Every structure is written in structure tokens, then in C-alpha cells.
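Q: What follows is a structure written as C-alpha cells; I'll ask about it next.
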Amino acid sequence: LEAEGQVLAFEAAAPAPPAGIDLSQSIGVVVDDESAELTGTWTRSSAVGNFVGSGYRHDGNTSTPASASFHAKLPHAGMYELRVYFPPHANRSTQTLVQFDALDGARSLRISQRQLDAGRAYFLLGRFQFARETSLRISNLAADGYVVIDAIEWIPLDPGEDSPRVHERSLGRSQQPK
């Protein structure tokens with residue numbers, strides 16, 4: 001059969017891993033899941049594309065409590081656009097708990113991680129006044145699907161004169177898809 005030019009074994013290249021989102025040129029402050037303070041069990045993954053860095057983490061769709069706190073040092077106190085990055089999917093929670101303190105008070109919001117607005121790679125939480133040091137917490141409390149953490153971005157809307165481009169993140173090693 002080989003003499004007739006027939007292929008007896010097909011060797012295909014492995015599929016390329018999903019591409020990550022590059023926020024290295026962001027004018028804001030980016031905190032990746034690799035830098036988050038984690039409680040409970042989080043599993044690393046890169047199975048679904050459109051993630052920041054080398055992957056993201058999920059809670060395994062369990063009722064066992066898990067949370068992730070993203071701490072940031074902003075260039076100055078002021079107005080920021082707050083963005084949450086995660087790869088959406090139909091198996092994600094529609095009740096993911098997001099909590100943070102703005103200058104005018106604490107916020108506790110429920111977001112859906114099943115889809116993003118067309119044309120966006122992030123979920124826009126809104127525009128808020130923040131102190132220079134701030135944090136945001138994502139939890140699986142009362143979630144109804146997988147809770148995914150990837151990155152948080154604070155985009156300055158009223159940059160001060162001394163506001164250099166700030167980029168804070170820690171990208172980990174490549175992980176095997178799950």
C-alpha cells in the first residue's frame with residue numbers, strides 16, 4: 001500500500017492552545033489571578049480561550065466556599081473604570097458574587113459569567129471612585145455554575161499628572177488545559 005502512495009498513518013500537529021489576551025500595554029492597573037489571594041480550592045485551566053496571561057482558574061462548580069481577592073495599588077485616588085476578565089461559557093455561574101469598596105461605599109454585585117457584551121473581552125462593572133489602595137473579591141457563594149477568576153483591571157478616567165503607565169500582574173507558567 002505504501003508503494004502505491006497510500007497513507008497508513010496520519011500524524012497531525014497538536015492543536016494550538018487558545019490565545020491569551022495581552023494587557024501588557026494597558027494604561028490601567030491589571031491584577032492577574034496568579035497574584036490573587038485565594039481561599040478554598042481553585043483549579044488552573046486554559047481550556048476556553050480569551051483569558052489574560054497563561055490561563056485562568058475555576059472553582060470546580062462546587063458549593064465548597066472559595067474566594068479570590070485582587071489587591072491593587074492605584075497611581076492615585078480617583079475615578080476608575082472597573083473591568084473583570086474571564087472566559088465566558090454556558091456552564092458558568094449567572095450569580096457570581098463580586099465585592100469591592102468604592103470611596104462612596106461598599107458594593108456587592110452578582111454578575112453572569114456566561115457571556116460578555118459584544119465586542120468586549122471583559123465584563124464592565126462600571127465607573128467608581130477608588131482610594132489609592134483597593135481590592136476586589138470574587139466568591140462562589142450561592143453560585144449556580146462554575147465561577148471563574150482571571151484578571152481585574154482599573155482604568156484611570158481622571159489621571160493625575162504623576163500617573164505613569166502602571167501594569168501590575170504576575171503571569172505564571174503555562175498550564176495544561178483541563
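Q: Based on the Cβ-Cβ distance of LEU38 and ALA142, what FRET efficiency does E = 1/(1 + (r/R0)^6) give at R0 = 25 Å, to the nearest 0.05?
A: Once rounded, the FRET efficiency stands at 0.85.
Q: Give me the distance in nm between label points sitting 7 Å out from Cα along the Cα-to-Cβ direction at ARG107 and SER135, one decimal.
A: Going from the ARG107 label point to the SER135 one covers 1.8 nm.
Q: I need the shape label for segment 49-148. Rule: rounded when a/c is under 1.5, else prolate if a/b > b/c, else oblate, with a, b, c from the alpha carbon gyration tensor.
A: Judged from the Cα gyration tensor, segment 49-148 comes out prolate (a/c at least 1.5, a/b above b/c).
Readers should treat all values here as calculations from the given coordinates under stated rules, not as data from a laboratory. Here the structure is a predicted model, which is why all the values come from computation and not from measurement. Positions of Cβ are backbone-derived with ideal geometry, glycine not excepted, and every protein chain shown enters the neighbour counts.
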